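Take a look at the structure below.
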Number of protein chains: 2
Amino acid sequence: MFTDMPMNAFLDALASKEPVPGGGSGAAMGGALGAALVSMVCNLTIGKKGYEAVDQEMRRLLEQSEAIRLEMPRLLEADTQAYGQVMEAYRLPRTTDEEKKAREELLQQRFRAAAEVPMTIAERCAQIVNLALPAAKMGNKWAVSDAGVGALFGEACLRAALLNVEINLASINDAAYVAEMRQKMAALEGTATATKEQVMDIVHKTIAGS
Amino acid sequence: MFTDMPMNAFLDALASKEPVPGGGSGAAMGGALGAALVSMVCNLTIGKKGYEAVDQEMRRLLEQSEAIRLEMPRLLEADTQAYGQVMEAYRLPRTTDEEKKAREELLQQRFRAAAEVPMTIAERCAQIVNLALPAAKMGNKWAVSDAGVGALFGEACLRAALLNVEINLASINDAAYVAEMRQKMAALEGTATATKEQVMDIVHKTIAGS
């Protein structure tokens, strides 16, 4: 798994001309970083004097942020595989009309799969931004900037993942499916940006008041 | 160095209640991811048929993005150290007036150092966004989304780093210094956001036209 690699080796692989890992993998890795920062805020709040009233809530948050953090490496691998399967279909023969048709049908299936993995990554990133909001509101004040960084990563990686959805949608013929996906994308993006702004507002105010 | 750790171990450390690594380290790590993606676009363009006219320009870009990518691990360590030195100064005795004065003077110095490291990280992240623009404009069209992800990471990590500048400024007494830093922060943020929007615009149009 890519996430078992030393970070430096992953960065070398990312910078290289090999198409994998690429932006999709970067989005998943950044999502994991964002989720980890939300977890950090929870871990700095749970059991802390002065935060007894939010202890249960922070434990619930932590469970959710950890679930996302631990899912991200799997989504990263799934994204890589889905991309590989598109490339595999591209290489199929297209001499006869029958071959052309079979290749195009398989490609259409695989573009969908390759759109859906980054869509899932984007959905998880939206959740990270959502979790960063109560973390910023109720978590340890000394870690409020970490909740802010979590929200920034969540939103940026959501947009990064959606670019990879968009690339695949550009090759999909089913207009109804494409329209439905685009609607979902716009909703995810709008909500995440608004929530991130809310988080940043709390973070700036908390730092100024500390 | 943190970047020699397997990514999973780094994420575990980030999520833990240890204050280091925290949001500042996350910002540097994300900056390295963003720089690596700009490098990837350059590497997918250099020597490629159809991109002869931009070959020299892409080689220059690559040199710059790689320099930033390779500087980020060092900035991550420097950020961690600067934080440690603030914590060390906090623990100094403050029984006598003399001790109080000495402690406060040292703290003021160390808050400055702890503000300046993330400011440098933010400046490098701004450069990543700047480099993503020609990468998106002139680079391999098949990698345009990677330039987009590079810009998204650059801008988000710039904002993340600035939160860590802000935390330290909140404790600095020298109003002129604080005002100067705030001015620099606002300029960096404004330019980076505008440039990121330009990059995203090119990316969306290129994907739609491909």
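The values are calculated or read from the model by the stated rules, or taken from the named source; none is laboratory data. Note that this is a predicted model, so its numbers are computed, not measured. Every residue, glycine among them, receives a Cβ derived from its backbone with ideal geometry; neighbour counts consider all protein chains shown. Calculation scope for accessible area: heavy atoms of the full protein, side chains included, ligands and nucleic acids excluded. Shrake-Rupley method; radii C 1.70, N 1.55, O 1.52, S 1.80 Å.
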- Quick one: is B:Met29 more than 9 Å from chain A (Cβ to nearest Cβ) and at pLDDT 95 or above? no
- Message: Here is a list: B:Leu188, B:Leu169, B:Leu162. Which entry is open to solvent by 20 Å² or more (accessible area, probe 1.4 Å), more than 7 Å from every other protein chain (Cβ to nearest Cβ) and in contact with a helix residue (DSSP H, G or I) (Cβ under 6 Å, 6 or more places away or on another chain)?
- Response: B:Leu188
- Does any residue of the range A:92-99 turn out to be within 25 Å of A:Val178 (Cβ to Cβ) and at pLDDT 95 or above? yes
- The lone condition A:Ala132 fails out of (1) more than 14 Å from chain B (Cβ to nearest Cβ); (2) over 30 Å from B:Thr206 (Cβ atoms); (3) open to solvent by less than 10 Å² (accessible area, probe 1.4 Å) is (1)
- Collect the residues in the range A:36-66 that are touching a residue at least 24 places away in the same chain (Cβ under 8 Å) and not aliphatic (A, V, I, L, M), keeping them in residue-number order. A:Ser39, A:Cys42, A:Thr45, A:Lys48, A:Tyr51, A:Glu57, A:Gln64, A:Ser65, A:Glu66
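If you go through the range B:145-184, how many residues are acidic (Asp, Glu), closer than 28 Å to B:Ser65 by Cβ and without any contact (Cβ under 8 Å) to a residue 24 or more places away in the chain?
1
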- Item | Options A:Lys141, A:Lys100, A:Lys137: the member that is touching a residue at least 60 places away in the same chain (Cβ under 8 Å) and over 23 Å from B:Ala28 (Cα atoms) | A:Lys137
- Residues within the range B:172-185 that are assigned to a helix (DSSP H, G or I) and away from chain A (no Cβ under 14 Å), tallied: 7
- Item | Which listed residue is more than 15 Å from B:Cys42 (Cβ to Cβ), in contact with a Leu (Cβ under 8 Å, 6 or more places away or on another chain) and of a type outside the set (Gly, Ala, Ser), from B:Arg94, B:Arg103 | B:Arg103
- Query: Taking the range A:135-153, which residues are of a type in the set (S, T, N, Q) and either open to solvent by 10 Å² or more (accessible area, probe 1.4 Å) or more than 8 Å from every other protein chain (Cβ to nearest Cβ) (or both)?
  - Reply: A:Asn140
- Number of the condition not met by A:Ala156 [criteria: (1) surrounded by 19 or more Cβ atoms within 10 Å (Cβ to Cβ); (2) over 12 Å from the mean Cα position of the chain (by Cα)]: (2)
- Message: When you scan the range A:60-77, do you find a residue that is surrounded by fewer than 17 Cβ atoms within 10 Å (Cβ to Cβ), away from chain B (no Cβ under 13 Å) and aliphatic (A, V, I, L, M), even just one?
- Response: no
- Query: Tally time: how many residues in the range A:26-53 are open to solvent by 10 Å² or more (accessible area, probe 1.4 Å) and either of a type in the set (Val, Ile, Thr) or part of a helix (DSSP H, G or I) (or both)?
  - Reply: 4
- Query: Are there any pairs, at least 6 apart or on different chains, whose C-beta atoms fall under 7 Å, with the first in the range A:1-23 and modelled with pLDDT of 90 or more and the second open to solvent by 60 Å² or more (accessible area, probe 1.4 Å), and if so, which?
  - Reply: A:Pro6/B:Asp4; A:Asn8/B:Asp4
- Message: If I go through the range A:191-210 residue by residue, how many of them are more than 9 Å from every other protein chain (Cβ to nearest Cβ) and open to solvent by less than 30 Å² (accessible area, probe 1.4 Å)?
- Response: 5
- Screening A:Gln56, A:Gln109 for residues that are open to solvent by 30 Å² or more (accessible area, probe 1.4 Å) and either at the interface with chain B (Cβ under 9 Å from one of its Cβ atoms) or more than 30 Å from B:Ile207 (Cβ to Cβ) (or both) leaves only A:Gln56
- Query: Which one is surrounded by the most Cβ atoms within 10 Å (Cβ to Cβ) among residues in the range B:16-25 that are within 7 Å of chain A (Cβ to nearest Cβ) and in contact with a Leu (Cβ under 8 Å, 6 or more places away or on another chain)?
  - Reply: B:Gly23
